[in-house]
Structure formats: C-alpha cells, structure tokens
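*Asks:* Please find one structure pasted underneath; my questions will follow.
Nothing in this text is a laboratory measurement; each read-out follows from the coordinates by a stated rule. Just so it is clear, the model here is predicted, and its values are computed rather than measured. Cβ placement follows ideal geometry from the backbone for every residue including glycine, while neighbour counts extend to all protein chains displayed.
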C-alpha cells in the first residue's frame, strides 16, 4: 500500500524496510505459536469455548429461554482477541474492557459508512462537504478511538 508515495505495510514494502518488517512479523508469529499448532490451536479453542458458553447463557436467559437474542457483539470480541494477542502478547479481561469501545465504533462505522463509501472513493472531497451523510464523522471517531487505544496500550 502506498501512502504519500511511500510503500508501507507487509505486502508492499521492499528493501531494508521489508527485511525489518518481515523479521518482526516472523518473530511475532513464532512467539505466538506459528508452526507450533498446539499453542495457537489451544488459544483459538479457548476462545471458541468462551463464545459457546456465552451463546448458551444468552439462549437460556433471553425471552424466557426461547433463544432469541442479538449476536452482533458476541463474535467481535473473539475476532479482536486474536490479533490483540499477536500484538500485545496477552489478552486479559482488562484488555477486553479496553478495546470494547473500539468494537462499538467498528459496528457504528460498518452500519453508517455504507452510503458514502463508494462516493468517497470516487470523489474524496465529498467527505468534507457531507461528513454525516457519508459516515466520515463516524470513521474519524473510529480512528480517534484506535489512536487512544494504541497510546494507552
């Protein structure tokens, strides 16, 4: 990916920068358990068991045990936990409480940016003219929340 004519990211980097990013990525993945299927499998299995327990709890407590409940928040926590563990090396209950606001902003952004996303790609200046209609204001709230999270952690 290019940002201001500079190659960034894992896939589009080259030369010494690529070697540095590659070394960090491989080390981080190995530390987490890449090529050691038991450790990564155990972590994913633990998250799946927690998710299933929450689903069972919600089924039993919702609408008199009928089983109707909102699952939108249930799946996002396990999805956020895996990269969090990769980056931070751990994921405690306090960490989960820390990134819950980011999860809420993610849901809001997904719900509210659909209208203007294509237009913003074609005509970037529109996001400044109609920030609420295009969802740009919510996108910026998400970016701000992400920045806060990165500075806290």
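*Asks:* If we sort 71-82, 130-141 on the protection proxy, mean other Cβ atoms within 10 Å, highest first, what's the order?
*Replies:* 130-141, 71-82
*Asks:* Could you compute Rg(Cα) / (2.2 N^0.38 Å) for the range 89-153, with N its residue count?
*Replies:* For the range 89-153, the normalised Cα radius of gyration comes out at 1.31.
*Asks:* Tell me, what is the percent relative contact order of the range 66-153, built from C-alpha pairs under 8 Å that lie six or more residues apart?
*Replies:* Here the relative contact order equals 26 percent.
*Asks:* Could you give the radius of gyration (one decimal) and Dmax (whole number) of the Cα atoms in the range 42-153, in Å?
*Replies:* 17.4, 50
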